[in-house]
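Report on the structure given below.
What follows draws every value from the coordinates through simple rules; no lab data is involved. Computed from a prediction, not measured in an experiment: that's the story for all the values here. All Cβ positions, even for glycine, are placed from backbone atoms using ideal geometry, and neighbour counts span all protein chains on display.
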Amino acid sequence: MTDEADDQAGPVARQRKIIHVDMDAFYASVEQRDNPDLRGKPVAVGGSRERGVVAAASYEARKFGVRSAMPSVTAKRQCPDLIFVKPRFEVYKAVSQQIRDIFAEHTPIIEPLSLDEAYLDVTENLQAIALARDVALAIRARIKEVTGLNASAGISYNKFLAKLASDHRKPNGQYVISPEMGPAFVEALPVGKFHGIGPATSAKMNSLGLHTGLDMRNQTLDFMQAKFGKAGAYYYWISRGIDDREVRANRIRKSVGAENTFAGDLTDFDAMAAELLPLVDKVWRHCEDKGSRGRTVTLKVKFNDFEIITRSRSVPVAVSSRSELERLSVALLQNEMPLSRPVRLLGVSLSSLHEGEQDESQLGLPI
Ligand SMILES: [Mg+2]
């Protein structure tokens, strides 16, 4: 471990204090808050029983194995008493704004990841609270007071570990990963649990004998880059608990997208996957023309009853080729199979970096 610390010497900036706040079972908790009949019961927010998927599940439902993104029929089979509730996004957005206002009492450096999750940089916080764990306690108490809802928090010296930490004491808990603990924490982590490593990369890593953070850490930077390209460097540093990405306030999500409505509705995976290709071409051409890059691929599916679903996946470094964009897009579609209804429209978009902006996760890495 002492050697590791030496490796980290060099252009290391001031130690950051980062909190990742994540609301517990957010949509489902809001529904239980607003309807006492739902409290203590297995609740799924999402489509009807016959079609659609679970958008969020209460902890009571999770005990039965109900998970978000699970087809509603499967969820109902796992948990016969499951109560389905229609989502009320306007309410969730309003609560989300209340939460952000609470964050803003402590720091202006807030990077929302979704309605119920954000990174905060509290290195220099507005209330001059010395310990980040105390800032997290104050924020969670205030969220409870204002919204009646529970939040969990992860506290660490970088974004990667803070996000990992917020899962550690869920629900309604918080966890600190100190600089001393960071490398050991990552060491034991299965590669599939690394944020940003999806099933395909995870399988590739396993086939190379890389099963945990420790396995990754035992590789050279050259090896990791040879096997995983640009992302290899990110994995190399992450496996050492090093992640210098900044918390980016007011990040404007810009996206490049293309979509197509079909002459006849599609039901077959191969036919739909084929229809994705011209969309991928169009998006990628636009990115190349404008110098845009992005890490988040979103698939949009409109069914024949006009219901729309979107599914996204973010990768650790900007998508670097047309074939990578295609692979990610097709994988998102594959994950949704079998679809419950015929599809009339598909869309693909790439988002999260500004035009001409460089990939921050590469820029900030210590050499
Ligand atoms: Mg959450």
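Worth pointing out:
- Rg(Cα)/(2.2 N^0.38 Å) for the chain, N = residue count: 1.03
- Formal net charge of residues neighbouring K93 (Cβ-Cβ distance under 12 Å; K, R +1; D, E -1): 0
- Taking label positions 7 Å along the Cα-Cβ direction at both F223 and K290, the computed distance is 4.1 nm, reported to one decimal.
- In this simple spin-label model, placing a label point 7 Å from the Cα along the Cα-to-Cβ direction at both E145 and S320 gives a separation of 4.8 nm.
- Added length on full extension, which subtracts the Cα-Cα distance from 0.36 nm per residue, K193 to H211: 5.4 nm
- Ranked by how many other Cβ atoms sit within 10 Å of their own Cβ, fewest first, the residues I238, I308 fall in the order I308, I238.
- Summing Lys and Arg as +1 and Asp and Glu as -1 over all other residues whose Cβ lies under 10 Å from the Cβ of N304 gives a net charge of 0.
- For the chain, calculated [θ]222 nm from helices alone, where every DSSP H run of n ≥ 4 adds -39500 (n - 2.57): -11500 deg cm²/dmol
- Per-residue Cβ neighbour rank within 10 angstrom, fewest leading, H195, H20: H195, H20
- Stokes-Einstein D for region 61-135, Kirkwood Rh over Cα pairs, 37 °C, 0.692 mPa s (µm²/s): 216
- Its Cα gyration tensor gives region 183-238 an equivalent ellipsoid; the semi-axes, largest first and in whole Å, are 15, 13, 10.
- Note on region 255-351: Cα convex hull, mean projected area over all directions, 5.5 nm².
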